[in-house]
Each structure stands twice: as C-alpha cells, then as structure tokens.
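First up is the structure itself, then whatever we jot down about it.
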Amino acid sequence: MPKISTWKTKNLLKNTMKWLFSFFVLMVITSCASSPKVVDHAFGFDMRKDGQDAVVLDYRYGGSNLPIRAPEWAVKEGKTFASNGVQGSMNKGEFLYVKWRNTTTGKVYEDTVDLRQRLPADITNHTIYFMIHGAQLYVYLISPENAAKSSDKADYGPRVYRNRKIITIYPDHLN
C-alpha cells in the first residue's frame, strides 16, 4: 500500500477543517434567521374590562421555546385567567392561541391566529392585545403613538388604549 505524503495529509486535514468550519457558520446563520425576532413590546388581555363575557382557559403567544403562555399546571387544574400583561424584550409572536369559556352560555371556544402576515416587521413598543366577545376573538395592535386628533381615536378595542392608534389585526373583516 502506498504511503500518503505528509503534505497531502496536512492539505486534506486543512480542507476538512475549512469545510467543517464553513458548515458550522452556515448552521449558526440558518438558526438565527429562522428563530423569532426578539423585540421590546408588550402582550396582554383583561377580561374584567370592556364588557367581555369570557374567562380564559388557556393562551399562548408565540411558538418558540419561550412563549408567553398560561402555566401548564394551572391549565391542567382547570384554573381560569382574567388578565395578564407582559412587557419587555421578548420574541415576536408567530401565532396566538386562546381557549375561553363564554360566561353567559358556558360554551367553550378556541382560536389560533397566525400573526406572521398580520404584524408589521417592526413592533417595537407596540402592544398585542386580545379581547373576547361571545364566540369571537379580537386581536389588536396598539401603537405607542397617541391618536393625532380626536377623530383618529378608535371607537373599538380596549378602552384603556382608545387614545392611541389601534389596528384590528384579527378578524380580517373589520379593518
């Protein structure tokens, strides 16, 4: 069997290391590009306000490993949620899942909203807020900006934010 020269061995090793390093860099770039964007924003809901007739049984904002969600133990024990609010640097949610019970009829509903095409690219300092009326889930994007004039103030959505610019992002037929 012929011997491989030291030069060829070093060259082969050098090329293999370059290939492995390139592969590693490509994997890091790919994982960063496919993971949700971390941005300073808020997520919230409050069933005690605005005439909502529901209690939340389960919710999840985001599909990453660190979503904003109802505690699993509380969902398993059948606890209900009246409100939650989270603000700070967190993953931009790809979807919103909500399960609720109508307090008037006792019926249980659930809805999943794909947010990827509904949210603008930059939601810095915005709030994702949901409300429930009967069998319908409403999702709003609340701008940090105040409405420019009184005619720009919303006559829908959460009252606490009506002096701000509000965009209904779900259901589609409203805006």
Review point. Just a yes or no: is a residue in the range 136-154 closer than 16 Å to A42 by Cβ and outside any strand (DSSP E or B)?
Key: no
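Residues are listed down the side, and each one gets a yes or a no for (1) open to solvent by 20 Å² or more (accessible area, probe 1.4 Å); (2) under 16 Å from V56 (Cα atoms); (3) among the hydroxyl-bearing types (S, T, Y):
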{"residue": "V113", "(1), (2), (3)": "no, yes, no"}
{"residue": "L119", "(1), (2), (3)": "no, no, no"}
{"residue": "T124", "(1), (2), (3)": "yes, no, yes"}
{"residue": "M131", "(1), (2), (3)": "no, yes, no"}
{"residue": "V139", "(1), (2), (3)": "no, yes, no"}
{"residue": "A147", "(1), (2), (3)": "no, no, no"}
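The values are calculated or read from the model by the stated rules, or taken from the named source; none is laboratory data. Model, not experiment: these values are computed from the prediction. Quick reminder, even Gly has a Cβ in these numbers, built from the backbone with ideal geometry, and neighbours come from all protein chains shown. Just so you know, the surface numbers come from the protein's heavy atoms only, side chains and all, with ligands and any DNA or RNA stripped out. Shrake-Rupley method; radii C 1.70, N 1.55, O 1.52, S 1.80 Å.
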